[in-house]
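Student: Here you go, one structure.
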């Protein structure tokens, strides 16, 4: 595609306009011959620092907000136009996939992955084309525009052409909103799950964090809203947005009964039998079902199809080993841990809860003591261990988690995660539940610059034998 078609709102000379472009990138490391490189301002550095590398790798043109001396044409535009331009170019190069499917954006601290995955699975059970984009499919929850539009294009191109209804459910992170990664998208439905303590290393305060999340619920981004209003921030959002709002609450699940095999409840007068386990998964299912209703699906069909929804990797995964049950979950915030452990206690009231938990490095440090308090308070025994320490010292992270532990609680520190899991399983008695929290679906452990294979589910299965 010619550069003039990608940058159709920018004045270009004839030679520059006719350059054939095959790819759009903002990361110089991903450039290849035929790339259009956008030198974007970042949180720690500016893309212009990597423009030479982009050209060395094959970029044929660079778009920047300042003049650069390179061996290829440089298109200079105002900084305020960069995000819109990179979104437009990224969408155009892959033939505007956002116009060929119904888009749903889900934001919130906890539950984004569960809600989008459940929504896509439910839509498929209703014979829709459906896909999800987020934590389970991409390196970042919400990718930057070039990767995001490629993911959208791949999803749309995989759909059955004979099936008219097309849905893409997307997780929308606060970082993505703040960094304008979803420019050019307009969602049929924007959904909100909850807001809790997370990412304050980036947003600084809960109020700033909330305002960024709330920015999704504006006419330029969405047509209507589905909001979980049992959360105080959700109720506040529902009251302030100008979008048409459908409120969702746990009260929407009538006569709910949960077990380690699934959940049953009535929704809008229809019986729902779901394989999803835990109260928080009931909440997320209610949001997903309400979204499908807003998109025009029949309520009775939605309720019946919930029986075909598949479980979500690393979200209340249950393993059985003799008399001991192991639950693996991604919970990595104070609120997420409290919900998880509360659900475990309700579902297995007679046994002890033995938890293995560790906080990730290079992430919000202020939440670590609070997570230590929650996990030690709600568990009968806790092993504090390493998660993904990244550039931090594992023992320093463990110190921070343990600083919040309840003084009377049974807490032991074991830095090696595999050893901590082994000790937890070995110490469990008949009827006990071992909870492995924090990593969920992740299949690696990041220590410094080294990425090692490590999957809680695989390790637990090995040890249960």
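Student: Given a Förster distance of 41 angstrom, what is the FRET efficiency for residue 443 paired with residue 268, based on the Cβ-Cβ distance and rounded to 0.05? Numbers along the way, then the final one.
Tutor: Working: r = 38 Å, r/R0 = 0.93.
Efficiency computed from Cβ-Cβ geometry: 0.60.
Student: Taking the inverse of the average 1/r across all pairs of different Cα atoms in segment 139-240, what Kirkwood radius in Å do you get? Could the numbers behind the result be given before it?
Tutor: On the way: mean 1/r = 0.0671 Å⁻¹.
Across segment 139-240, the inverse of the average 1/r is 14.9 Å.
Student: State, as an integer percentage, the relative contact order of segment 1-102 based on alpha-carbon contacts under 8 Å between residues 6 or more apart. Each step should come with its number before you reach the end.
Tutor: Working: 172 pairs, mean separation 22.2, N = 102.
Reported as a whole number, the value is 22 percent.
Student: Follow-up. For an R0 of 35 angstrom, estimate the FRET efficiency from the Cβ-Cβ distance between residue 160 and residue 46 and round to the nearest 0.05.
Tutor: Details: r = 43 Å, r/R0 = 1.24.
With a Förster radius of 35 Å, E is 0.20.
Student: Given the DSSP H assignment, sum -39500 (n - 2.57) over each helix run of at least 4 residues in the chain and divide by its residue total; what's the result at 222 nm in deg cm²/dmol, nearest 500? It would help to have the intermediate numbers written out before the result.
Tutor: On the way: 17 runs with 161 residues, N = 465.
Mean residue ellipticity, 222 nm, calculated: -10000 deg cm²/dmol.
Student: Assuming a ≥ b ≥ c are the square roots of the Cα gyration tensor eigenvalues, decide whether segment 97-143 counts as rounded (a/c under 1.5), prolate (otherwise, with a/b larger than b/c) or oblate. Display every interim value, and only then the final one.
Tutor: Numbers: a/c = 1.92, a/b = 1.32, b/c = 1.45.
Oblate shape, in that a/c is at least 1.5 and b/c is the bigger or equal ratio.
Student: Continuing with this model, one more query. According to the square roots a ≥ b ≥ c of the eigenvalues of the Cα gyration tensor, what is the shape class of segment 364-412, taking rounded for a/c under 1.5, prolate for a/b larger than b/c otherwise, and oblate for the remainder? Write down the numbers at each step before the final one.
Tutor: Details: a/c = 2.33, a/b = 1.75, b/c = 1.33.
It is prolate, given that a/c is not under 1.5 and a/b is the larger ratio.
Student: Using every pair of alpha-carbon atoms in segment 3-79, split the distances into 10 Å bins beginning at 0 and state the percent of pairs per bin, rounded to integers.
Tutor: Using 10 Å bins, I get a P(r) of 21, 57, 21, 1 for segment 3-79.
Student: Please rank 86, 356, fewest neighbouring Cβ atoms within 10 Å first, as an exposure proxy.
Tutor: Numbers: 86 26, 356 29.
Taking fewest neighbouring Cβ atoms as first place, the list is 86, 356.
Student: Still on this model: Which three extents, in angstrom, do the Cα atoms of segment 29-123 have along their principal axes, listed largest first?
Tutor: 52, 30, 24
Student: Kindly provide the pair-distance distribution of segment 261-303 built from C-alpha pairs, with 5 Å bins from 0 and whole-percent values in order of increasing distance.
Tutor: Reading upward from the zero bin: 6, 24, 34, 24, 11, 2.
Student: Enumerate the whole-percent occupancy of each 10 Å bin, from 0 to the last occupied one, for all C-alpha pair distances of the chain.
Tutor: 4, 19, 27, 25, 17, 6, 2, 0
Student: Tell me the relative contact order for segment 317-464 as a rounded percent, counting alpha carbon contacts under 8 Å between residues six or more apart.
Tutor: Worked out over segment 317-464, it gives 33 percent.
Student: Restricting to bridges with both residues inside the chain, how much of the DSSP beta-bridge set is antiparallel, in percent to the nearest 5? Show your work: numbers first, answer last.
Tutor: Working: 20 of 71 bridges.
DSSP beta bridges in the chain are roughly 30 percent antiparallel.
Student: Still on this structure: Under the definition of Cα pairs under 8 Å and six or more residues apart, what whole-number percent is the relative contact order of segment 102-244?
Tutor: It rounds to 29 percent for segment 102-244.
Student: Something else: Would you please classify the overall shape of segment 97-308 from the alpha carbon gyration tensor, given that a ≥ b ≥ c denote the square roots of the eigenvalues, rounded means a/c under 1.5, and beyond that prolate means a/b larger than b/c while oblate covers the rest?
Tutor: Since a/c reaches 1.5 but b/c is at least a/b, the shape of segment 97-308 is classed as oblate.
Student: Something else: What is the fewest-to-most order of 45, 249, 376, 90 by other Cβ atoms lying within 10 Å of their Cβ?
Tutor: On the way: 45 9, 249 15, 376 24, 90 28.
So the ranking, lowest neighbour count to highest, is 45, 249, 376, 90.
Student: How big is the gap, in Å, between the Cα center of segment 232-250 and the Cα center of segment 40-97?
Tutor: About 38 Å separates the Cα centre of segment 232-250 from the one of segment 40-97.
Student: If neighbour count is taken as other Cβ atoms inside 10 Å, put 206, 402, 240, 170 in order from fewest to most. If you can, show how the numbers build up before the last one.
Tutor: On the way: 206 14, 402 18, 240 10, 170 30.
So the ranking, lowest neighbour count to highest, is 240, 206, 402, 170.
Student: When the convex hull of the Cα atoms of segment 170-219 is projected onto a plane and the area is averaged over all directions, what value comes out in nm²? Please report the intermediate quantities before stating the final value.
Tutor: Working: hull surface 14.1 nm².
Its average projected convex-hull area is 3.5 nm².
Student: Taking only the alpha-carbon positions of segment 317-464 and ignoring solvent, what does the Debye formula give for the base-10 log of I(q)/I(0) at q = 0.19, 0.20 Å⁻¹?
Tutor: Computed log10 I(q)/I(0) values: -1.09, -1.22.
Student: With axes computed from alpha carbons, what is the tilt in degrees of helix 79-93 against the longest principal axis of the chain, rounded to the nearest 10 within 0 to 90?
Tutor: So the inclination is approximately 90 degrees.
Laboratory data are not the source of any read-out in this text; all were calculated from the coordinates shown. Quick caveat: nothing in here was measured; it's all calculated off a predicted structure. Cβ: placed from backbone, ideal geometry, glycine included. Neighbour counts: every protein chain shown.
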